[in-house]
Each structure stands twice: as C-alpha cells, then as structure tokens.
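Derivation of every value follows stated rules applied to the coordinates shown; laboratory data play no part. Note that this is a predicted model, so its numbers are computed, not measured. Neighbour counts run over all protein chains shown; Cβ positions are idealised from the backbone, glycine included.
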Amino acid sequence: MVKEEDRSVLRRLLQLYLHDLSEFIDTDVDPHGEFPYRYLDHYWTEPDRHAFLIRVDGEWAGFALVRACPHWDMAEFFVMRKYRREGVGREAARLVFAAFPGTWEVRQREANTGATRFWRAAIPYEFEEVATEEGVKQRFVVTPVRNASD
C-alpha cells in the first residue's frame, strides 16, 4: 500500500502513465501542464481502493491501482518503459492479484493492443475475455492461498 509520504511519487508516476495512455484516450494536459486524474485522492479516503508502488532494486518502477466494484478491478497499472519486457509487470500483477482473492476484471482499450498482449500473458489464471464498447476485458477468479497450517 502506498504510504501518505509517497503520495507525491504516485502522482508523478501517474503523469508518466497518463502521458503514455494519451495515445489511446482523448485527453490533454490542464492549464498547469498536468494530465487530470480525479480519483487519486480517493485511494486514501475510500476503503475499497488500494494503491501500490512497484520498485526494482530500490528504484521506482511503476504502480498498480485496484478498486472493488463489487468485483476487483485493476483500475490503472503502469510499469516504466525501462523495466518493461523484464517480467517486472507480470510479477507485480501476480502479487496484486494474489493479495485480493475473488472475481477480477482487467480492461484495455481496443487500440492499446500492447496492453492486451501483456494482460493475456500476465494473468496466471484461466480467464474469459469479453469484448466491451471500449475494447476488451478479462474476467477471472483468484482463489485464496491456504497455509500449510490451515
């Protein structure tokens, strides 16, 4: 979970993510030169939202934003270009999924074919892929991991 003192790190990484995503969505920067993201503060005020930062060898590498609605939803997921294609995103996604057992959905825009390829490979569970108005989504169920003592 992102600590309050790391909120500004997440905000800056979110700007990099939104810059990458601007290729696929109709958005521009605001008068201050920033991409708007109205839900960021909700991750500290709403109990059904969870924010995670990703590190590689102690360096910031990305983030995951998860929300419950009523299933689990990967609201946003980002790995910096430097760390892509090294398994960083796949491992981070699997850790996030494992932390929240239950039904999941992961969505991608139709034009973002790279994201769809990534999620098809990164989801370590059997999934159903469904076409949506904006693109595709994968649905799957994460079962809780049982301890040997259970």
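Points to keep in mind about this one:
- Peptides 117-125, 33-41, 60-68 ranked from most to least packed give 60-68, 117-125, 33-41, packing being the mean of other C-beta atoms within 10 angstrom over each peptide's residues.
- Sequence of GLU126, GLU59 once ranked by neighbouring C-beta atoms within 10 Å, starting from the fewest: GLU126, GLU59
- Of the DSSP H helices in the chain, those whose Cα atoms cover at least 18 Å axially and whose Kyte score averages -0.5 or more: 7-21
- For the range 4-142, a simple Cβ point-charge model (Lys and Arg +1, Asp and Glu -1, everything else neutral) yields a dipole of about 460 debye relative to the Cα centre.
- Packing around the peptides 76-82, 52-58, taken as the average count of other Cβ atoms within 10 Å per residue, puts them in this order, highest first: 76-82, 52-58.
- The chain - mean residue ellipticity at 222 nm from DSSP helices (-39,500 (n - 2.57) per run, n ≥ 4, rounded to 500): -8000 deg cm²/dmol
- 3J(HN,Hα) couplings calculated from phi for the range 126-132 with the Karplus curve 6.51 cos²θ - 1.76 cosθ + 1.60 (θ = phi - 60°) are, in sequence order, 5, 9, 9, 9, 10, 6, 10 Hz; Gly and Pro show x.
- Selected from ALA131, ALA75, ALA51 as most flexible by GNM, with the chain as the system and alpha-carbon contacts under 10 Å: ALA131
- Computed from label points 7 Å out along Cα-Cβ, the spacing between ARG117 and THR143 is 3.2 nm.
- Here the chain carries DSSP beta bridges of which approximately 95% are antiparallel, counting only pairs with both residues inside.
- Fewest-first ordering of LYS3, LYS137 by other beta carbons within 10 Å of each residue's beta carbon gives LYS3, LYS137.
- Volume in Å³ per residue [convex hull over Cα atoms, computed for the chain]: 146
- Per-pair calculated FRET efficiency, R0 = 25 Å: ALA99 and VAL29 via Cβ, rounded to 0.05: 0.15
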